[in-house]
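Visitor: Below are the structure tokens for one structure; questions will follow.
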Amino acid sequence: MQPTILIVFYSMYGHIYRMAKAVAEGVQEAGGEPVLRQVAELVPDEAWSEEVVTTKEMMKEIPIANPRQDLEKIDGVIVGTPTRFGNMCAQMRNFWDQTGGAWAKGLLVTKPAAAFTSSNNQHGGQETTIISTHLTFLHHGCVIIGLPYSFKEQMVMNEITGGSPYGPSTVAGSGPPYQRMPTENDLKLARSLGKHLTEIARKLSS
């Protein structure tokens, strides 16, 4: 079978967008079908910086996620959200707060789910953001997927990098404009998550 994996994300400066594309590559490597969706924006246009406008233009072809339709007929879900004070961002919370219908139907019960994130610094809430996202997955009945230590890229010591057993991440740096984009190591971990979850989705679906 070809598992369909929903990758739903929010990106303001492009970091999570780049990670999401790498996750999609991993899904494809494992023989799955990635479905990329960005959640709706809540920040008013007049508050956007030039960097945000550039990012929005870059992502304009990616459809806006529909919380009442996009959880139908998928085999797994991967969430990408920047950290906001140790939690998912408001835009992502807004999406999940509208998924009561999917919850009532049990659409995600036994479906694998995972998360990835970014923060301004190495200790900016990456792990708590992923773990707190897991709480939403548990309420939906998902099977939570992390990034096992068998993916050794998360243990490198010769560079600043994201990644933990909870999931991939990247360090955006202080800003704005947060110009430190995901490293190749960060992107490799993101691809690994996409591949890992897709393989599990195939086993669970069978």
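Every read-out reported here was derived from the displayed coordinates using simple, explicitly stated rules and does not represent laboratory data. None of the values given here were measured: they were computed from a predicted structure. Virtual Cβ from ideal backbone geometry, glycine too; neighbours counted across all protein chains shown.
Visitor: Within region 97-144, can you find the residues that are under 22 Å from residue 183 (Cβ atoms) and of a type in the set (Gly, Ala, Ser)?
Guide: If the condition is that a residue be under 22 Å from residue 183 (Cβ atoms) and of a type in the set (Gly, Ala, Ser), then 114, 115, 118, 119, 124, 125 are the ones that fit.
Visitor: Something else: From the list 2, 28, pick out the single residue that is surrounded by fewer than 24 Cβ atoms within 10 Å (Cβ to Cβ), farther than 14 Å from residue 78 by Cβ and among the polar types (S, T, N, Q).
Guide: 2
Visitor: Now for a separate question. Can you tell me how many residues in region 148-187 are within 17 Å of residue 25 (Cβ to Cβ) and more than 14 Å from the chain's Cα centre (by Cα)?
Guide: Looking only at that region, the number is 6.
Visitor: Now, a different point. So, in region 31-49, how many residues would count as being in contact (Cβ under 8 Å) with a residue 24 or more places away in the chain and over 21 Å from residue 93 (Cβ atoms)?
Guide: So the answer is 5.
Visitor: Considering each residue of region 149-203, count those that are free of Cβ contacts under 8 Å to residues at least 12 places away in the same chain and of a type in the set (Gly, Ala, Ser), and give that number.
Guide: Residues flagged as free of Cβ contacts under 8 Å to residues at least 12 places away in the same chain and of a type in the set (Gly, Ala, Ser) within region 149-203 amount to 1.
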